Amino acid sequence: MKLENMKKVRLGYYPTPLEVLPRLSAKHGHNIYIKRDDMTGPATGGNKTRKLEYILQEAIDQGCTAILTLGGPQTNHGRTTVAAAIQYGLKPILVLGGDAPEYLSGNLTLDAMMGAELVFSQDREAAAQKVIAEYAARGEKVYYMPAGGSNATGVLGYIQAVPEIMEQLAKQDIHPRFLLCAVGSQGTYDGLLLGAKYYHAPFQVMGVPVAPLKEGQTEEMAAFMNAVSRHYELGVQVTPEDIRLFSGPEACPYTGFAYSVPDDATRSTLLEAAREEGIILDPVYTGKAFRGMLDLMDRGELDGDVLFLHTGGTAAVWTQEHLDAAQSALRDNCTIREL
Ligand SMILES: *Cc1c(COP(=O)(O)O)cnc(C)c1O
């Protein structure tokens, strides 16, 4: 299969803006640019939109009537999938970890508004297979999408985001040495790295993992990327050394405590970006990656201008546990008066 022949449906609005963050640049000593993939749409948008355009096309081509994906209860990927599925007449099913919550907040509010089928389970894989079998018994065909949409089809989204970014950099005559993003299910990072190699991008792709790395993870990532490269005949080769992931100091890692667990350092970064630039980051992904970027810059480890990929996730700001944890920080240096 050739990259150039891969078709996609239309879900997002492109090109997403690419702009400078002047106050944070002055404060941290290098130009910091931001690529606003939090503005892709639909249903508040984010990085899953570019992946879903290729995946929806595949689901439609296969004659599927429903689309199922897995994730944490507050999955942004799930919320974007629901909106995408609705727009193309497929039934959205989300299989989420844990028990069904009493109170719907954050992404779950939006999932419920859009009428998704929400399945909660301690064993998501088993639950997914059960739901797929139920649908099949009724004559329906379910497209199974892994968490984060990070299969070989989804990776196309960020391979093809690279030429969009390169064109914007050339037009604006700006030259960031690094492109940095949050790393979760890895499809975004994988696509960007493959795209950067394939299109000879003038920047290095860097990532900040949002949960601690597993043993051998970079080797696995390289193997996956090489398989994708062969599949689409890209003719590029990725080694583990090409994969540049930064987890931060052991005492206070950029990953925080764990996936989606609120932490003070990430929250401070959310306030810094909001108060300096009016940019809303999220506590689960972009806040951690942005904190990592600023810290690496302050330590001199990112010695040059940086382009930050804002991957969205804004709806997670309104998750009940993050709101509860943020209350006192929100009131610091904020004037609240009754007159
Ligand atoms: C899913 C997600 C990421 C991580 O992207 P992956 O492709 O899963 O690595 C980053 N930011 C936000 C807001 C996300 O929802």
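Would you check if Gly184 is of a type in the set (Gly, Ala, Ser) and either under 25 Å from Ser25 (Cβ atoms) or buried (at least 21 other Cβ atoms within 10 Å of the Cβ) (or both)? First the steps, then the outcome.
Working: of a type in the set (Gly, Ala, Ser): yes; either under 25 Å from Ser25 (Cβ atoms) or buried (at least 21 other Cβ atoms within 10 Å of the Cβ) (or both): yes.
Answer is yes for this residue.
Yes or no: segment 17-24 includes at least one residue that is within 16 Å of the ligand (Cβ to nearest atom) and in contact with a strand residue (DSSP E or B) (Cβ under 7 Å, 6 or more places away or on another chain).
Filtering segment 17-24 down to residues within 16 Å of the ligand (Cβ to nearest atom) leaves none.
For segment 17-24, residues within 16 Å of the ligand (Cβ to nearest atom) and in contact with a strand residue (DSSP E or B) (Cβ under 7 Å, 6 or more places away or on another chain): absent.
Can you name the number of the only condition in (1) farther than 22 Å from Pro163 by Cβ; (2) polar (S, T, N, Q); (3) out of contact with any His (no Cβ under 9 Å at 6 or more places or on another chain); (4) not in a loop (DSSP other than H, G, I, E, B) that Thr69 fails?
Thr69 satisfies all of (1) farther than 22 Å from Pro163 by Cβ; (2) polar (S, T, N, Q); (3) out of contact with any His (no Cβ under 9 Å at 6 or more places or on another chain); (4) not in a loop (DSSP other than H, G, I, E, B) except (3).
If you go through segment 216-227 one residue at a time, how many are open to solvent by 40 Å² or more (accessible area, probe 1.4 Å) and more than 25 Å from Leu156 (Cβ to Cβ)? Give the derivation first.
From segment 216-227, those open to solvent by 40 Å² or more (accessible area, probe 1.4 Å) are 219-220, 223-224, 227; that's our starting set.
Imposing the further condition that a residue be more than 25 Å from Leu156 (Cβ to Cβ) reduces the set to none.
Count: 0.
Among the candidates Thr44, Thr65, single out the residue that is among the hydroxyl-bearing types (Ser, Thr, Tyr), within 13 Å of the ligand (Cβ to nearest atom), within 30 Å of Gln129 (Cα to Cα) and surrounded by fewer than 24 Cβ atoms within 10 Å (Cβ to Cβ).
Numbers: Thr65 fails: within 13 Å of the ligand (Cβ to nearest atom).
None of the others qualify; the one that does is Thr44.
With the requirement that a residue be open to solvent by less than 60 Å² (accessible area, probe 1.4 Å) and not polar (S, T, N, Q), what does segment 116-132 give you? Spell out the reasoning first.
Residues of segment 116-132 open to solvent by less than 60 Å² (accessible area, probe 1.4 Å): 116, 118-121, 126-128, 131-132.
Result: Ala116, Leu118, Val119, Phe120, Ala126, Ala127, Ala128, Val131, Ile132.
Can you tell me which residue within segment 47-62, out of those that are of a type outside the set (Lys, Arg) and within 12 Å of the ligand (Cβ to nearest atom), is nearest to Val317 (Cα to Cα)?
Our first condition is that a residue be of a type outside the set (Lys, Arg); within segment 47-62, this holds for 47, 49, 52-62.
Still in the list and also within 12 Å of the ligand (Cβ to nearest atom): 47, 49, 52.
Numbers: Asn47: 16, Thr49: 19, Leu52: 23 Å.
Among residues in segment 47-62 that are of a type outside the set (Lys, Arg) and within 12 Å of the ligand (Cβ to nearest atom), the one nearest to Val317 (Cα to Cα) is Asn47.
For Ala325, are the conditions met, namely being closer than 22 Å to Gly106 by Cα and in contact with a Gly (Cβ under 9 Å, 6 or more places away or on another chain)?
On the way: closer than 22 Å to Gly106 by Cα: yes; in contact with a Gly (Cβ under 9 Å, 6 or more places away or on another chain): no.
Spelling it out, it is not the case that Ala325 is closer than 22 Å to Gly106 by Cα and in contact with a Gly (Cβ under 9 Å, 6 or more places away or on another chain).
Taking only segment 290-316 into account, find how many residues are assigned to a helix (DSSP H, G or I) and within 11 Å of the ligand (Cβ to nearest atom). So that I can check it myself, show each step before the final result.
As a first pass, look at segment 290-316 and keep what is assigned to a helix (DSSP H, G or I): 290-298, 314-316.
Now restrict to residues that are within 11 Å of the ligand (Cβ to nearest atom): 290, 314-316.
Number satisfying all stated conditions: 4.
Does any residue of segment 231-249 turn out to be in the same structural domain as Arg299 (by TED's automatic domain parsing), touching a Ser or Thr at 6+ places or on another chain (Cβ under 6 Å) and assigned to a helix (DSSP H, G or I)?
Scanning segment 231-249 turns up at least one residue that is in the same structural domain as Arg299 (by TED's automatic domain parsing), touching a Ser or Thr at 6+ places or on another chain (Cβ under 6 Å) and assigned to a helix (DSSP H, G or I).
Which ones in segment 61-110 are within 15 Å of Val142 (Cα to Cα) and aromatic (Phe, Trp, Tyr)?
Tyr88
Taking the criterion of being charged (D, E, K, R) and modelled with pLDDT of 95 or more, would at least one residue in segment 242-260 satisfy it? Reasoning before the result, please.
Pass one, segment 242-260, residues charged (D, E, K, R): 242, 244, 250.
Filter once more, so that each one left must be modelled with pLDDT of 95 or more: 242, 244.
Looking through segment 242-260, at least one residue is charged (D, E, K, R) and modelled with pLDDT of 95 or more.
Can you tell me which condition Asp263 does not meet? The list is (1) among the charged types (D, E, K, R); (2) within 25 Å of Leu108 (Cβ to Cβ); (3) modelled with pLDDT of 95 or more, and all the others hold.
Evaluating Asp263 over (1) among the charged types (D, E, K, R); (2) within 25 Å of Leu108 (Cβ to Cβ); (3) modelled with pLDDT of 95 or more leaves (3) as the failure.
Given (1) open to solvent by less than 40 Å² (accessible area, probe 1.4 Å); (2) over 19 Å from Lys35 (Cα atoms); (3) assigned to a helix (DSSP H, G or I), identify the lone condition not met by Ala258.
(3)
Please determine whether any residue of segment 93-102 is of a type in the set (A, V, I, L, M), surrounded by fewer than 21 Cβ atoms within 10 Å (Cβ to Cβ) and farther than 18 Å from Val9 by Cβ.
Going through segment 93-102, the residues of a type in the set (A, V, I, L, M) turn out to be 93-96, 100.
So of that shortlist, the ones also surrounded by fewer than 21 Cβ atoms within 10 Å (Cβ to Cβ) come out as 100.
Add one more test, that the residue is farther than 18 Å from Val9 by Cβ, and what stays is 100.
Checked segment 93-102: at least one residue is of a type in the set (A, V, I, L, M), surrounded by fewer than 21 Cβ atoms within 10 Å (Cβ to Cβ) and farther than 18 Å from Val9 by Cβ.
Each row is one residue, and each column tells you yes or no for (1) open to solvent by less than 40 Å² (accessible area, probe 1.4 Å); (2) away from the ligand (no atom under 13 Å from the Cβ); (3) more than 16 Å from the chain's Cα centre (by Cα).
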position: Ser229; (1), (2), (3): yes, yes, yes
position: Arg244; (1), (2), (3): no, yes, yes
position: Ala265; (1), (2), (3): yes, yes, yes
position: Tyr285; (1), (2), (3): no, no, no
position: Lys288; (1), (2), (3): yes, no, no
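Look at Val162 and say whether it is free of Cβ contacts under 8 Å to residues at least 60 places away in the same chain, out of contact with any strand residue (DSSP E or B) (no Cβ under 6 Å at 6 or more places or on another chain) and crowded, with 22+ Cβ neighbours inside 10 Å. Step through it out loud before you land on a result.
Working: free of Cβ contacts under 8 Å to residues at least 60 places away in the same chain: yes; out of contact with any strand residue (DSSP E or B) (no Cβ under 6 Å at 6 or more places or on another chain): yes; crowded, with 22+ Cβ neighbours inside 10 Å: yes.
For Val162, the condition - free of Cβ contacts under 8 Å to residues at least 60 places away in the same chain, out of contact with any strand residue (DSSP E or B) (no Cβ under 6 Å at 6 or more places or on another chain) and crowded, with 22+ Cβ neighbours inside 10 Å - is met.
The values are calculated or read from the model by the stated rules, or taken from the named source; none is laboratory data. Here the structure is a predicted model, which means the values were calculated and not measured. So basically every Cβ, Gly included, is an ideal-geometry build from the backbone, and we count neighbours across all protein chains shown. Each accessible area value is taken on the protein alone, full model and side chains, heavy atoms only, with ligands, DNA and RNA left out. Shrake-Rupley method; radii C 1.70, N 1.55, O 1.52, S 1.80 Å.
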